[in-house]
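This report refers to the structure that appears directly beneath it.
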Amino acid sequence: MKTSLLNPGARSRYISRYYGNKYNKQEGKLEETFKFKGVITKIVLKTRPWQNEIIIEGMRFYFNDGKIKNIGISAEEKLPEEKLGSDFQVFQVPKGQWLHNAKIEANSFINKLDFFTNVQEIDYSDKSENFVADKDVFCTSEKSWFLSGIQGNLWNSDGKYSICDVQFIFDHYKPDVSYYEQLIKLKS
């Protein structure tokens, strides 16, 4: 089974499978295990070449409460976004939207990540096995699911980092009655 779905009260949680196989590493050592939760407002991915492919070396996450989480990117490393090179990718969550799903390419390490918000149309027929959340779960509930956390490992090989063993955590909160009352008023 690819995922698990938990239901503590009015909240449901969807946990993806792991990406970037931890048992298929070349030389190196585990640098850090990471796990975080929160409402993500911006993501910066840092990539690098590795054995004829591009892998994600580090990630910087910005949260709605002002916190920043660095994985494989030094906190002191400034990222002048207007001058980012081709080894950086930035995804800014527009105001009023939230991260709803992600598309991933992964082998031994994470090669590529694309993120989608709740207002974007997602074509699940196009390599749907690369989406971290299944269509059957995420096409319901008016896209109320949101990416609420990521966990994984940072691998160190000769002083160069790689992201691996990543798992995505999504939460769904059942809206209170006022949400449905407002929806009914808007439709009538």
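Computed from the coordinates by the stated procedures, all read-outs in this text should not be read as laboratory data. Source: prediction; values computed, not measured. Don't worry about glycine lacking a Cβ; one is built from the backbone with ideal geometry, like all the others, and counts go over all protein chains shown.
How much length, in nm to one decimal, is gained on full extension between residue 69 and residue 105, taken as 0.36 nm per residue of separation minus their Cα-Cα distance?
Residue separation times 0.36 nm, minus the Cα-Cα distance, leaves 10.7 nm.
About the Cα centre of the range 24-73, how large is the charge dipole given +1 on each Lys and Arg Cβ and -1 on each Asp and Glu Cβ? Please answer in debye to the nearest 20.
In debye, rounded to 20, the range 24-73 gives about 220.
Once amide H atoms are placed 1.01 Å from N in the peptide plane, what residues at a sequence separation of 5 or more from residue 106, or on another chain, have their amide H within under 5 Å of its amide H?
111
In Å, what is the Rg of the alpha-carbon atoms in the range 29-125, and how long is Dmax?
Radius of gyration, then largest Cα-Cα span, for the range 29-125: 14.1, 41 Å.
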